[in-house]
Amino acid sequence: MLGLKLPTDPRWVNIVESNIDEILTDHAYCEQKAASNAISIIVNFPEHSELVQSMTEIVQEEMTHFRQVHDIITSRGGVLGKERKDDYVNELMKFIKVPNRNREEILVDRLLFAAMIEARSCERFRVLSENIKDEFLSGFYRDLMISEANHYTLFIGYARKFANTVDVDKRWQEFLDYEADVISRYGKKETVHG
């Protein structure tokens with residue numbers, strides 16, 4: 001369904017399990033950044049009322065996820081650490097920075113960018129849910145995997161809806177190819193995309 005070209009090695013979970021606190025902090029900030037991205041789409045494309053409504057719902061859901069992850073951190077006796085730079089997301093962002101694009105192309109790319117992050121997060125949460133030894137976290141990540149899959153579908157659907165001159169399927173394949181190259185350098189850190 002997701003079309004990702006390079007799956008996460010399940011051994012990545014061994015790295016995650018060596019420092020659960022680190023991935024939880026990273027995950028909390030990923031949720032906050034996903035909410036910020038949806039807000040940015042609202043701010044930059046307010047003329048699309050249906051999109052604004054959906055992004056408002058995404059913001060609320062992502063911040064609920066942030067709170068849930070924060071609650072897990074505090075229930076384990078920890079505190080939310082400092083925000084980490086997400087090199088994976090920053091590398092994906094480089095792919096959409098192309099000059100001389102029209103508004104439609106920018107919107108489609110922003111939606112595909114969001115879909116890509118949701119797709120990879122969904123895939124990582126699946127790997128976690130199937131391989132992590134902590135039963136509570138296994139169930140938690142299974143539930144979030146479903147949410148991420150729904151967000152992926154929503155973003156892809158809107159890209160198709162708002163594309164009049166952009167070949168969304170072709171552009172999505174370009175994103176998948178680029179992301180496969182990017183993700184090939186990751187999977188070695190206890191972060192959601194690392």
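The values are calculated or read from the model by the stated rules, or taken from the named source; none is laboratory data. Predicted model only: the values in this text are computed from it and were never measured. Cβ placement follows ideal geometry from the backbone for every residue including glycine, while neighbour counts extend to all protein chains displayed.
Side notes on the structure shown:
- Which numbered condition ARG84 fails, given (1) at pLDDT below 95; (2) more than 22 Å from VAL13 (Cβ to Cβ): (2)
- Qualifying residue in the range 158-171 (condition: outside any helix (DSSP H, G or I), within 24 Å of ILE15 (Cα to Cα) and in contact with a Leu (Cβ under 9 Å, 6 or more places away or on another chain)): no
- Candidate set: the range 39-86, residues that are among the aliphatic types (A, V, I, L, M) and touching a residue at least 60 places away in the same chain (Cβ under 8 Å); chosen: the one nearest to ILE20 (Cα to Cα): ILE72
- Hits in the range 178-192 - residues which are in contact (Cβ under 8 Å) with a residue 24 or more places away in the chain and either farther than 16 Å from ILE117 by Cβ or assigned to a loop (DSSP other than H, G, I, E, B) (or both): SER184, TYR186, GLY187, LYS188, LYS189, GLU190, THR191, VAL192
- In the condition set (1) at pLDDT 95 or above; (2) farther than 19 Å from ALA149 by Cβ; (3) surrounded by 21 or more Cβ atoms within 10 Å (Cβ to Cβ), VAL16 is compliant with all but (1).
- Cross-chain or 6+ apart pairs with Cβ under 8 Å, the range 110-138 first and under 13 Å from LEU154 (Cβ atoms), then basic (Lys, Arg) and surrounded by fewer than 23 Cβ atoms within 10 Å (Cβ to Cβ): LEU112/ARG171
- Condition met for LYS94 (touching an Asp or Glu at 6+ places or on another chain (Cβ under 8 Å) and loosely packed, with under 14 Cβ neighbours inside 10 Å): no
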